[in-house]
Amino acid sequence: MAGTTESLARFAPELVLSATILAILIVDLIARLQPKRPSLLSGVALVGLSAMAGALWLTPTGDTSLFTHLLAFDGLARYFKGFFILAAALGVLFGHLSDEISRSRLGEYYIQLLCLTLGLSLLASAQNLLMLYLALELVSLPSYVLSGFRWWDRRASEAALKYVVFGGAASGVMLYGFSLIYGITGTLQIDGVAAALTAAATGGQGIAGQLGLLMAVMLSLAGFGYKVAAVPFHMWCPDVYEGAPTTFVAFLSVAPKAAGFAALIRFFVVGFGQPAPGAAGFPWAEILGIIAIGTMTLGNVVAVTQDNVKRLLAYSSIAQAGYLIMALAVGTDEAIRAVMLYLGFYLLMNMGAFFGVQLAGGERLSAFRGMASRNATLAITMAIFLFSLTGIPPFAGFIGKFYLFAAVLSVGEPFFYALAIIGVLNSAISLYYYAKVVRVMFLDKAEEGDGVVEVSRPASALLLALAGPTLLFGVWWAPLADLIDKASSILR
Amino acid sequence: MIIGLNHFQVVSALLFGLGLLTIITRRNAVAVLMGVELVLNAGLVNLVAISRYQTGGLDGQIFALFGVVLAAAEAVVALAIVLQLFRARRSVDTIDVTDMRG
């Protein structure tokens with residue numbers, strides 16, 4: 001355990017981020033009348049995020065826990081912090097290039113986005129149930145506000161309401177679950193939960209305590225499940241993705257989901273996983289496996305019928321969460337590395353796909369008609385993102401899925417074979433709706449009134465910058481896989 | 001009769017159940033948010049009682065203090081959203097808020 005000074009030194013990235021948030025607030029006020037205010041604000045945000053990346057790079061390595069065991073400082077936390085910095089930088093660039101966010105409110109948008117990022121980085125390293133809950137709320141509150149950012153839009157206010165009601169209920173249920181865990185194990189530390197459970201398992205705890213534990217964990221799952229949009233806590237997801245500004249949805253569909261997975265990994269693997277074999281005899285792996293089956297099947301089957309591309313991508317992101325939960329059910333180190341690798345690829349392809357939808361200037365499938373002749377760059381990069389999400393070689397998504405399925409199959413038990421087979425069948429279904437969008441873009445002719453889609457040069461460059469690695473990682477993924485092998489240590 | 005942990009846990013379980021019932025059955029958005037508050041407070045009652053009667057120490061009570069503040073923050077954001085919804089639609093009835101389906 002690190003003392004306060006050492007903790008602060010390792011907490012530098014978050015401190016830099018907090019300073020950036022304050023700096024944006026001040027610049028936003030001072031430069032009120034400057035014509036260059038938007039560029040200035042984006043510049044401050046990007047410099048701040050670069051400084052945060054630098055601070056993360058410079059902090060001493062070596063796993064330890066900070067601030068009397070509130071936060072873990074390990075490979076998992078560092079990887080996800082880097083991940084969130086990248087996602088936030090892309091979020092800032094999307095915001096800068098987007099016409100959905102009015103220029104006069106850009107500072108507001110960045111402040112919320114970076115507060116959200118701060119919450120994400122705390123969520124990925126929280127080692128204590130109180131910290132976990134606080135971080136989850138720090139992620140949730142700005143998400144509600146940003147979903148309803150265009151409040152005059154009827155759909156945006158509907159999205160924000162649905163999000164806040166679902167989110168509030170889910171986090172309340174999770175809090176109740178945490179209070180039961182506290183009662184059963186007598187500790188709020190996630191690693192303490194593991195120790196208490198091992199002691200209870202060897203001490204021959206009665207069935208009543210086990211049932212209480214099962215209920216406590218299922219209630220806690222509500223909070224995580226809502227963050228990653230897992231069935232049956234997915235209902236908010238399509239409506240929020242459809243109603244919220246696309247610029248923000250690109251970020252929302254990736255970063256909070258990744259943080260939810262980081263927290264799930266820590267909660268299940270550290271608190272209920274290897275140290276306490278079978279955690280007092282309950283089949284966590286099977287429970288997560290069944291949730292995974294429900295999540296991917298529902299996501300893929302409902303996505304087939306959608307003709308709104310944002311909604312289609314919302315169901316696709318539910319399905320993607322299903323594949324990730326499938327690997328999480330395995331819970332081996334190999335599976336956790338596969339989840340981290342897949343999330344890395346998912347960042348590129350999903351943010352790219354939503355950015356493409358925003359640039360297309362319409363979210364109905366008909367807005368993409370004949371896109372190949374109206375804007376070739378947009379059509380080709382969208383096709384790359386969508387095929388990569390399907391998991392077809394030679395795109396990054398294929399490599400990611402390969403690792404996920406390999407981790408599931410390597411367990412070698414009938415349940416996991418069945419899980420993998422259902423996963424593969426789901427991938428086959430997903431090809432249908434991803435390919436549907438590509439078909440509309442390349443095979444359908446543009447009709448009268450479908451003009452050329454104007455995309456500014458920086459936006460095209462950003463699209464290509466996301467599509468390039470999606471292709472490159474599909475043939476040469478070793479660097480990222482090596483990085484994850486080195487950086488997947490988890491503090492237990 | 002001595003009031004002990006069990007009594008508090010029963011109260012908390014009742015609060016939790018009533019909160020969920022409110023969330024599921026009420027149609028007015030503000031009433032639904034009241035249900036959310038009940039669920040939150042059920043957890044907080046549990047935490048304080050457990051910390052007082054079972055584990056000792058202040059962990060649970062500090063958690064509850066943070067929880068109270070967070071519940072207030074969440075209520076602020078939620079009511080602001082309901083207010084905007086009312087401005088956009090002149091209604092806060094969840095039955096009316098169904099532009100998006102499928």
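The values are calculated or read from the model by the stated rules, or taken from the named source; none is laboratory data. Bear in mind the structure is a predicted one, so any value in this text is a computation, not a measurement. Cβ atoms come from the backbone with ideal geometry, glycine included; neighbour counts cover every protein chain shown.
Okay, residues lined up against (1) small (G, A, S); (2) facing chain A (nearest Cβ under 9 Å); (3) part of a helix (DSSP H, G or I); (4) closer than 30 Å to A:Y241 by Cα:
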site: B:T22; (1), (2), (3), (4): no, no, yes, yes
site: B:V30; (1), (2), (3), (4): no, no, yes, yes
site: B:L38; (1), (2), (3), (4): no, yes, yes, yes
site: B:A49; (1), (2), (3), (4): yes, yes, yes, no
site: B:G67; (1), (2), (3), (4): yes, yes, yes, yes
site: B:A78; (1), (2), (3), (4): yes, yes, yes, yes
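Evaluate the following for A:G177: is it in contact with a Leu (Cβ under 6 Å, 6 or more places away or on another chain), within 11 Å of chain B (Cβ to nearest Cβ), surrounded by fewer than 24 Cβ atoms within 10 Å (Cβ to Cβ) and under 24 Å from B:V10 (Cα atoms)?
Here the answer is yes, as A:G177 does meet what is asked.
Just give me the residues in region A:440-458 being surrounded by 14 or more Cβ atoms within 10 Å (Cβ to Cβ), part of a helix (DSSP H, G or I) and out of contact with any Phe, Trp or Tyr (no Cβ under 8 Å at 6 or more places or on another chain), in sequence order.
The one that is surrounded by 14 or more Cβ atoms within 10 Å (Cβ to Cβ), part of a helix (DSSP H, G or I) and out of contact with any Phe, Trp or Tyr (no Cβ under 8 Å at 6 or more places or on another chain): A:F442.
When the residues of region A:383-439 are filtered to those that are without any contact (Cβ under 8 Å) to a residue 12 or more places away in the chain and aromatic (F, W, Y), which remaining residue is nearest to A:W476 (Cα to Cα)?
Filtering region A:383-439 for residues that are without any contact (Cβ under 8 Å) to a residue 12 or more places away in the chain and aromatic (F, W, Y), the one nearest to A:W476 (Cα to Cα) comes out as A:F402.
Would you check which residues across region A:11-35 are free of Cβ contacts under 8 Å to residues at least 24 places away in the same chain and among the small types (G, A, S) and list them?
Selection gives A:A31 alone.
Restricting to region A:49-70, name every residue that is buried (at least 19 other Cβ atoms within 10 Å of the Cβ) and touching a Leu at 6+ places or on another chain (Cβ under 7 Å).
A:M52, A:S65
Might you let me know whether region A:352-364 holds any residue that is of a type in the set (G, A, S), more than 24 Å from A:R155 (Cβ to Cβ) and modelled with pLDDT under 95?
For region A:352-364, residues of a type in the set (G, A, S), more than 24 Å from A:R155 (Cβ to Cβ) and modelled with pLDDT under 95: absent.
Every residue, every condition in (1) polar (S, T, N, Q); (2) touching a His at 6+ places or on another chain (Cβ under 9 Å); (3) within 14 Å of chain B (Cβ to nearest Cβ); (4) in contact (Cβ under 8 Å) with a residue 40 or more places away in the chain, yes or no:
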{"site": "A:T305", "(1), (2), (3), (4)": "yes, no, yes, no"}
{"site": "A:N308", "(1), (2), (3), (4)": "yes, no, yes, yes"}
{"site": "A:G322", "(1), (2), (3), (4)": "no, no, no, yes"}
{"site": "A:G331", "(1), (2), (3), (4)": "no, no, no, yes"}
{"site": "A:V339", "(1), (2), (3), (4)": "no, no, no, yes"}
{"site": "A:G344", "(1), (2), (3), (4)": "no, no, no, yes"}
{"site": "A:M349", "(1), (2), (3), (4)": "no, no, no, yes"}
{"site": "A:F355", "(1), (2), (3), (4)": "no, no, no, yes"}
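Give me the pairs, please: first residue somewhere in region B:62-78 and over 26 Å from B:A29 (Cβ atoms), second residue anywhere and surrounded by 14 or more Cβ atoms within 10 Å (Cβ to Cβ) and among the hydrophobic types (A, V, I, L, M, F, W, C), beta-carbon distance under 6 Å, and either six or more positions apart or on two chains.
B:F63/A:L130; B:F63/B:L47; B:A64/B:L44; B:A64/B:L47; B:A64/B:V48
Quick test of your reading of the structure: A:M326 fulfils all but one of (1) among the aliphatic types (A, V, I, L, M); (2) over 22 Å from the mean Cα position of the chain (by Cα); (3) more than 19 Å from A:G474 (Cβ to Cβ). Name the failing condition by number.
Evaluating A:M326 over (1) among the aliphatic types (A, V, I, L, M); (2) over 22 Å from the mean Cα position of the chain (by Cα); (3) more than 19 Å from A:G474 (Cβ to Cβ) leaves (2) as the failure.
Pairs please, first residue from region A:473-492 and at negative phi and surrounded by 16 or more Cβ atoms within 10 Å (Cβ to Cβ), second anywhere and of a type in the set (F, W, Y) and not in a helix (DSSP H, G or I), Cβ atoms under 6 Å, 6+ apart in sequence or on different chains.
A:G474/A:F395
Kindly provide the set of residues from region A:422-439 that are of a type in the set (F, W, Y) and surrounded by 19 or more Cβ atoms within 10 Å (Cβ to Cβ), ordered by number.
A:Y433, A:Y434 - these are the residues of region A:422-439 that are of a type in the set (F, W, Y) and surrounded by 19 or more Cβ atoms within 10 Å (Cβ to Cβ).
Filter region A:109-167 down to residues that are within 17 Å of the chain's Cα centre (by Cα) and either of a type in the set (D, E, K, R) or outside any helix (DSSP H, G or I) (or both) and give me whichever is surrounded by the fewest Cβ atoms within 10 Å (Cβ to Cβ).
A:E137
State all residues of region B:83-101 that are of a type outside the set (D, E) and at the interface with another protein chain (Cβ under 7 Å from one of its Cβ atoms); if no residue qualifies, say none.
Matches in region B:83-101: B:Q84, B:L85, B:A88, B:R89, B:V97, B:M100.
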